[in-house]
Amino acid sequence: MSSAALVQQLMSVRQQLDFASGLLAKPSPEAMDSCTSVLETAGRQLEEWQPAFSQQAGDAAALEEAWRLRRSYVRTVRLLQGASEFHLNWSQLRGAMTGGYRETGESAPVVYGHRISLHG
Amino acid sequence: MSNLLASLASSAGTLEAYGRVLETAQNNVANASTPGYAKQRLELYALPFDPDSGVTGGVGAGKLVSARNEFAEQAVRQQTSGMGYQKQLVDSLTALQSNFDISGKQGIPQALNNLLQSFSAWGATPDNQAARQTVVQRATDFAQAFQQASNTVAARAQDTQQQIGQTVDHVNQLVGELQGYNRIAMQGNKNDGGLSARMHSALEELSSLVDVHATFESDGTVSLMLNGQTPLLLEDKQFSLTTSLYQPQNPPPTNPAGPASARIQASDGSDITSQTRGAQLGALLHLRNQILPSLIGDAYQAGDLNVMAKQFADRVNQLLTSGNITDGPPAQPGIPLFTYDTTDATAAAASLSVDPAVTPDQLATITPGPPEVSNGVPLALSALASPVQDADKVNGLSYSQFYGQIAGSVGTALNDATNSQDVQQSLLSQAKDLRQQYQGVSLDEEATILMQFQRAYQANSKFLTVLDQLTQSAIDILR
């Protein structure tokens with residue numbers, strides 16, 4: 001594999017992660033679902049292409065693109081954490097407001113009653 | 001007759017209730033573009049219905065409930081504080097980095113390179129007067145480069161202190177504004193949507209300056225705690241912040257005359273500097289009390305510029321004084337070239353200079369040996385370019401490498417801050433989007449959304465764990 005081809009592959013994965021970040025910046029349930037499939041594709045492609053990377057070890061352009069990919073990954077993770085913390089903290093706060101605290105110190109779980117969530 | 005009157009009263013009450021709903025809706029429309037405004041809604045409740053006892057039912061108007069989710073507001077303020085921190089750090093480090101050129105074409109690296117080259121040229125022609133003159137001139141340039149770098153960083157420290165003062169004033173002014181809003185709320189206007197909008201707008205601006213936790217009380221007032229610990233506002237009482245420079249005494253300072261540190265004090269005079277980590281003020285304090293002192297020193301450290309200036313001057317002086325100007329008899333020993341303030345470790349770079357009494361013909365050339373080497377001193381000085389001995393190194397590095405490390409640390413800090421600012425901008429957009437999503441959402445809707453989110457987090461986390469390994473190993477393989 002040529003250096004240019006490798007850079008192109010890494011760039012393609014990075015663009016998918018950037019797209020996932022865009023979805024996570026507006027984290028509706030639908031956006032989160034779309035994000036899952038984007039991340040799955042990005043992971044599968046990177047795993048498939050990785051055995052050929054060693055042919056370009058030491059290539060400056062490829063390494064630079066790999067760092068860009070890593071930064072995109074870090075942003076995606078931080079956005080998932082941000083949305084996750086928001087909902088988790090809100091759930092805990094609501095639990096504490098409605099059910100108080102358990103003996104062990106954590107807030108009581110929020111009881112939503114019986115619901116069916118259909119997803120297709 | 002009484003039933004007719006009761007029915008009319010009921011209808012009137014219902015009309016009044018719907019009138020208030022319309023008024024609320026109208027208010028929402030009118031304030032749609034007001035910064036910080038959140039949609040409000042009126043709770044309606046059914047009145048008891050029992051015609052036999054004259055209770056005619058109908059609809060009553062309940063309390064005006066703000067749909068604003070204070071939790072979401074606090075999340076936005078938290079990310080706004082993070083953005084304030086990163087933005088300030090990027091701005092300040094960008095300005096600082098311009099003083100640390102690593103191209104070798106200006107400043108300290110250029111002066112160091114020129115001086116080392118002049119040592120080498122002098123070694124090739126040790127008796128050449130012009131070569132000696134060049135050494136003295138290059139040494140003077142080198143000293144001036146250190147003075148200039150040190151003074152520039154000291155000026156940045158002074159600017160930063162001024163910015164800290166301005167930020168503290170701005171914080172006090174915004175808290176004062178919120179104090180005024182609290183007074184209005186305490187007069188019974190707690191359900192005024194416009195007032196709430198102004199309060200939230202001021203809070204958002206405040207959170208970019210300091211890490212502030214706001215709690216809305218039942219009377220409509222807001223209580224503010226700096227970093228969740230120090231009160232800034234309680235009802236109509238404001239607690240102002242102040243800033244000053246100080247020289248810490250505990251533990252006793254190693255550099256009592258070194259640059260002072262910036263301090264933030266609460267209204268009771270207590271030192272809350274260590275608590276003030278977030279937002280713009282936190283970034284300014286980080287720069288003023290940590291990044292800049294690592295370069296020019298403070299009460300407890302000399303600073304890298306001073307370490308480099310002192311060690312280089314000491315080594316050059318040591319090599320010159322260990323040699324002879326002439327081998328006599330009697331042999332005339334060499335004299336030191338550089339001088340600096342030896343009483344204050346943080347003043348070495350700013351006070352570094354060439355002794356004006358030294359003339360080019362007073363530069364020692366001969367190492368007495370045995371064996372005596374006629375150009376031994378300039379050769380030893382030239383070796384500072386590619387040092388082998390520990391005595392020719394600073395912290396185990398050549399002087400060029402050490403300077404590269406100083407400049408590199410500023411560049412790396414700026415690079416990290418720029419990347420973090422980029423991420424923080426996305427997190428702020430996300431928090432604003434979540435705030436928007438939660439406005440006006442019923443608890444039933446929310447329950448469904450939370451369940452969907454929980455499932456999606458698990459799926460996304462799984463793939464991100466895989467990507468963590470894959471992206472890191474891509475770098476490892478390509479290195």
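Every read-out reported here was derived from the displayed coordinates using simple, explicitly stated rules and does not represent laboratory data. Values in this document were obtained by computation on a predicted structure and should not be read as measured data. Cβ atoms come from the backbone with ideal geometry, glycine included; neighbour counts cover every protein chain shown.
Things worth noting here:
- Overall, the anisotropy analysis places the stretch B:419-479 in the oblate class: the square-rooted eigenvalues a ≥ b ≥ c of its C-alpha gyration tensor yield a/c not less than 1.5, with a/b not exceeding b/c.
- For B:119, B:216, B:146, the sequence from fewest to most other C-beta atoms within 10 Å is B:216, B:119, B:146.
- Listed from fewest to most Cβ neighbours within 10 Å, the set A:34, B:420, A:21 follows the order A:34, B:420, A:21.
- Counted over the protein assembly as shown, the DSSP beta bridges are approximately 100% antiparallel.
- Against chain A, whose longest principal axis is taken from its Cα atoms, helix A:3-25 shows a tilt of about 20°.
- Measuring r between the beta carbons of residue B:125 and residue B:98 and using R0 = 41 Å, the FRET efficiency lands at 0.60.
- Calculated FRET efficiency for the pair residue B:186/residue A:96, C-beta based, R₀ 30 Å, to 0.05: 0.60
- Measuring r between the beta carbons of residue B:374 and residue B:158 and using R0 = 56 Å, the FRET efficiency lands at 0.70.
- Of the trypsin sites (Lys or Arg not before Pro) found in the stretch B:83-136, the ones in coil according to DSSP and having at most 11 other Cβ atoms within 10 Å of their Cβ are B:105.
- Shape box of the protein assembly as shown [Cα atoms, principal axes, largest first, Å]: 137, 64, 47
- For the stretch A:22-114, trypsin sites (Lys or Arg not before Pro) meeting the loop criterion (DSSP other than H, G, I, E, B) and having at most 12 other Cβ atoms within 10 Å: A:102.
- Helix A:29-49 and the longest principal axis of the Cα set of chain A meet at an angle near 30°.
- Global form of the stretch B:61-220, assessed from the alpha-carbon gyration tensor, a/c cut-off 1.5: prolate
- Extension gain for residue B:268 to residue B:322 (0.36 nm times residue separation, less C-alpha to C-alpha distance): 13.6 nm.
- Distance between modelled label sites at residue B:106 and residue A:41, nm, 7 Å Cα→Cβ extension: 4.8 nm
- Secondary-structure-derived ellipticity at 222 nm for chain A, considering helices only, amounts to -25000 deg cm²/dmol, per-run term -39500 (n - 2.57) for DSSP H runs with n ≥ 4.
- Gain upon complete extension [residue B:290, residue B:246; 0.36 nm per residue less C-alpha separation]: 14.4 nm
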